[in-house]
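Colleague: Have a look at this one before I ask anything.
The values are calculated or read from the model by the stated rules, or taken from the named source; none is laboratory data. Worth saying up front: this structure is predicted, and the values here are computed from it rather than measured. Cβ placement follows ideal geometry from the backbone for every residue including glycine, while neighbour counts extend to all protein chains displayed.
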Amino acid sequence: MTTTTLTPKTNPASGPQARTSPAAWLRAVPLAPAVSAAVVLFFVIAAIAPQLLTHRDPFAIDLANALQPPGLAHPFGTDQSGRDLYTRVVYGARESLLIGLGATGLAIGIAVILGVASGLGGRLLDGVVSRGLEVLFAFPVLLLAMLFVTIYGPSVTTQIVAVGLGTAPGYARMIRGQVLAVRHSGYVEAAHALGHSRWTVLRQHVFPNAMRPLVAVVTLGIGQSIVWASGLAFLGLGVAPPSPEWGALLDAGRMFITRAWWLEVMPGLAIVAIALAATSLGHFIQKKLEGAQS
Amino acid sequence: MENRQPAYQPPADSTFRRRGRHRTAAVRTALAGSASVLALLLAGCGAGAGVAGAGEGSGEKVEGGTLRYAHLQEPPCIYGGWVQQAFLSRQVLDSLVSQTDDGKIVPWLAKSWSVSDDQKTWTFKLKDGVKFTDGTPVDAKAIADNFDYWAAGGNGTVQAHIGEYYKSAKAVDAGTVEIALKAPFTPLLSALSQGYFGIQSPTALKERTDQQNCEAPIGSGPFTVGAWKRGESVTFEKNPAYNSAPENARHQGPAYVDNIVWSFVQDNTSRFGSLASGESDAIGEVPTVDFEAAKSQYQVQQYITPGRPVTLSLNTVKGPFTDKLVRQAFAYSADRKAAVDSAFLGVVPFEGNGTVSQSTPGYNKDVVDDYPFDQAKANELLDKAGWTERNADGVRVKDGKELTIDLVFGLNSIVTTEGATALQNLQEQVKPVGFKVNLVPVTQADLFSGAYSTPDKYDATLGYWTSPHAGILYINFRQNTKAKPNYANTTFYNNAAIEKTILKANSAKTTEEANKYYAQAQQALSDEAVAVGLYTQTSSLAVQPKLKDVWLEASQGEPVFHDAYFTK
């Protein structure tokens, strides 16, 4: 069920898969995770080494070829300054992914501290943290993020912090629940009964078990964060043009929606693709982990 | 705050605009465009909208109704020194004089005027029986009080226009007011025709708070300020006793519509969409991307704003642009016309003159081509200026410092998204020469707070300033000295000789003579390359076929709704 099963087609003589019918082959391969992994891989390459995927410069203008629809020369078309949109989407992956990963990482970091403290820290601390989280919950994520960006000005860093802070309360509450559940589980009681120190129990049993579901949640969160960040950029609170960050591309193309649909659709598809792929992978990992647990 | 950075616009007397004398090819195209639009529209109405006849005024007139207008920007207040405020205050305030499309000054609150032989005393005779909407009379005393109010700081932009010349005002009798100047000021009437010079009730000015006067000024105009829902709309109510329309209005007497709901819709797509959905009867600032479509469906008008065009002011006292060679190299290094034409889809004309726009009387069109696109020349100049090395990115380096230009601009307040696109084009165009341009968009609040107005804050900044006369040169290039600070001098360029030429123009005996000196000053400033022209400020309107006689006035391009009426 790993993606390696995808490769056999090139070598029909080898292995038992070669003899199975295409339908069986398809059934054997978990298609969604495979495609998702391919999409994620594509954007990871785009983020690390975009020049492998395009030979153009994302900022180079070509005024004579402004607003060209998608075609052979420009698969995603060109924008109002004649810049190649495909190249811009590829180069935009770095900032968008950075914001997605950074914001999720920050959110999880804050959430782990608050969640664990709340779950293990006794009634008073739990009360304080939980009430605090409830207050934060009262604000929509976008509002918190906008407030932050308004105060500190738009940049990649503020976008990471803004989205990270905005999404942290949700994770924190989830971690608290996990910690509480694990804490009262039979194996933790058993470990205590066996005389393990508090610290050992925490480290070996509570923490790993409470955190395991997070792996899936993080993958889900990355896609979500990219959408939030793009939303902020779309509202003009993101990275400034001519940055090819995806939300900024959407914002810049908005004016032309009646005349150049590709300016909205192409970056929009990139956001949808990465968010879907990350979510789908997340679900897959979640299922695997549940399977491993049971 | 209004006269700092990029101010806005006015119109004035003689030529500019659609029917201006000095037109470049670009303007001509734009003009021809709007003229043909009008023709189209007129024809279109007859055919399309089920109107009985074609042409203005031939549809069956409906008295009354609510006119829904959608505008781009919402200023912090209604009365003030920003052109965006003049757009609103023009609906409620009358001025002394008005300006026609061909640049003539005609009576408004003043029915006639004369000037003394030494050109230092102006005498205005006022219309009889005009009242402010609070019931007090518009008499000579009221006019004199308004001049004193401006002089005392009531309006920074009025100060910028006439502050250096105004001496005193006095009521000779109830219907005659005398304005004394310190020196002759040729463009006076033109200046007075702008919205900032709208006459307010002195009683209201005295008895109400500044806030009240700013949010709901009381004048003698065709409308009064009703409710203002911030972030949404201002409602203007018809003044049923209106009897003081300017001579160039299309009718005398009260407005035809009952009220105007003037909403603020910053998003271009939504604003234009509100016409299609029928939510708006008219919109301002037709998005360039929709301009062609608008022309085929609505009555479209475009106004080329006189004064300072949207221009890059280069910081002449700090950073790389202190060197004239570097300024000139910068001007040579970009194909600015291509950058502008592409960004605005040809709707807004390129303006190569960095100090005065093509619709301004006294415009010097010879300077437009002083700095054509010539990167070889730019390279040569930069080499000569000592910027001979380049770093790995191709950016020029001198004494270990990169040739970096921080270009600050007020996004969505002064510079539209199309303007920002033009800047991005320029940013790329100058790269091969070795300039690294950092675009720094700032918010309206930051811009107007003055946070970006000092020499250490930018190398270049983009701004415009509407003025119906070329005396805008005096506003922007009067020297900035300790004794006499001039915050409107955004290049920080002090040149006593050029200032002298401008002063000569301001006090010239005739407009022709004034324009001759203004032209000289433009050439001198162009030689120094302190301001690099990009495009003209514009106003535009798209109006539903059933709504007739909305027009853009000539001094600053404000929409006028006093004559507007619906047809069946």
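Colleague: Pull up region B:342-382, narrow it to residues that are within 14 Å of chain A (Cβ to nearest Cβ) and out of contact with any Lys or Arg (no Cβ under 8 Å at 6 or more places or on another chain), then point me to the one that is nearest to B:G471 (Cα to Cα).
Modeller: Here the answer is B:V348.
Colleague: I'd like the residue in region A:252-270 that is crowded, with 21+ Cβ neighbours inside 10 Å and facing chain B (nearest Cβ under 9 Å) and, out of all such residues, is farthest from B:Q424 (Cα to Cα).
Modeller: A:A260
Colleague: For region B:383-405: of the residues being assigned to a strand (DSSP E or B) and crowded, with 17+ Cβ neighbours inside 10 Å, which is nearest to the other protein chains (Cβ to nearest Cβ)?
Modeller: Among those that are assigned to a strand (DSSP E or B) and crowded, with 17+ Cβ neighbours inside 10 Å, it is B:I405.
Colleague: Which one of the conditions (1) over 24 Å from B:K337 (Cα atoms); (2) within 14 Å of chain B (Cβ to nearest Cβ) does A:R94 fail to meet, given that it meets all the rest?
Modeller: The failed condition is (2).
Residue by residue, here is whether (1) assigned to a helix (DSSP H, G or I); (2) within 14 Å of chain A (Cβ to nearest Cβ); (3) within 24 Å of the chain's Cα centre (by Cα) holds:
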| residue | (1), (2), (3) |
| --- | --- |
| B:P441 | no, yes, yes |
| B:Y452 | no, yes, yes |
| B:K457 | no, no, no |
| B:A470 | no, no, yes |
| B:A488 | no, no, yes |
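Colleague: Now for a different question. Could you list, in sequence order, all residues of region B:190-229 that are in contact (Cβ under 8 Å) with a residue 12 or more places away in the chain and charged (D, E, K, R)?
Modeller: If the condition is that a residue be in contact (Cβ under 8 Å) with a residue 12 or more places away in the chain and charged (D, E, K, R), then B:E215 is the only one that fits.
Colleague: Next question, about the same structure. Among helices (runs of 4 or more DSSP H) lying entirely in region A:175-263, which contain 3 or more residues that are closer than 24 Å to A:L276 by Cβ?
Modeller: A:207-234, A:246-254
Colleague: While we're on this one: So in region B:414-439, with the set limited to residues that are assigned to a helix (DSSP H, G or I) and of a type in the set (A, V, I, L, M, F, W, C), which one is farthest from A:S243 (Cα to Cα)?
Modeller: B:V433
Colleague: Oh, and also: So, B:P217, is that one within 14 Å of another protein chain (Cβ to nearest Cβ) and either of a type outside the set (F, W, Y) or more than 17 Å from B:F561 (Cβ to Cβ) (or both) or not?
Modeller: No: the conditions fail for B:P217.
Colleague: Suppose the filter is of a type in the set (D, E, K, R), touching a residue at least 60 places away in the same chain (Cβ under 8 Å) and at positive phi; does B:E285 pass it?
Modeller: Considered against the rule, which asks whether it is of a type in the set (D, E, K, R), touching a residue at least 60 places away in the same chain (Cβ under 8 Å) and at positive phi, B:E285 comes out as yes.
Colleague: What's the number of the only condition in (1) out of contact with any helix residue (DSSP H, G or I) (no Cβ under 8 Å at 6 or more places or on another chain); (2) farther than 26 Å from B:E74 by Cα that B:V433 fails to meet?
Modeller: For B:V433, the exception is condition (1).
Colleague: All but one of (1) part of a loop (DSSP other than H, G, I, E, B); (2) touching a helix residue (DSSP H, G or I) at 6+ places or on another chain (Cβ under 7 Å); (3) surrounded by 24 or more Cβ atoms within 10 Å (Cβ to Cβ); (4) at pLDDT 95 or above hold for B:P545; which doesn't?
Modeller: It fails just one condition, (3).
Colleague: While we're here: Taking into account only those residues within region B:172-211 that are of a type in the set (S, T, Y), farther than 16 Å from B:A140 by Cβ and under 27 Å from the mean Cα position of the chain (by Cα), which is surrounded by the fewest Cβ atoms within 10 Å (Cβ to Cβ)?
Modeller: Ranking the candidates gives B:T186 first.
Colleague: Follow-up question, since we're still on this one. Select from region B:303-341 the residues that are surrounded by fewer than 24 Cβ atoms within 10 Å (Cβ to Cβ) and under 23 Å from the mean Cα position of the chain (by Cα) and write down the one among them that is nearest to the other protein chains (Cβ to nearest Cβ).
Modeller: Within region B:303-341, the match that is nearest to the other protein chains (Cβ to nearest Cβ) is B:D341.
Colleague: How about region A:59-89: which of its residues are more than 14 Å from chain B (Cβ to nearest Cβ), surrounded by 20 or more Cβ atoms within 10 Å (Cβ to Cβ) and more than 11 Å from A:M266 (Cα to Cα)?
Modeller: Passing the criteria: only A:H74.
Colleague: Of the residues in region B:272-296, how many are within 21 Å of the chain's Cα centre (by Cα) and within 14 Å of another protein chain (Cβ to nearest Cβ)?
Modeller: Looking only at that region, the number is 5.
Colleague: Here are some residues: A:G195, A:G170, A:G177, A:G164. Which one is among the small types (G, A, S), at positive phi and at pLDDT 85 or above?
Modeller: From the options A:G195, A:G170, A:G177, A:G164, the qualifying one is A:G195.
Colleague: Could I ask something else about it? Go through (1) more than 22 Å from the chain's Cα centre (by Cα); (2) farther than 28 Å from B:S555 by Cα; (3) not β-branched (V, I, T) and name the single condition B:E512 misses.
Modeller: So the condition that B:E512 fails would be (2).
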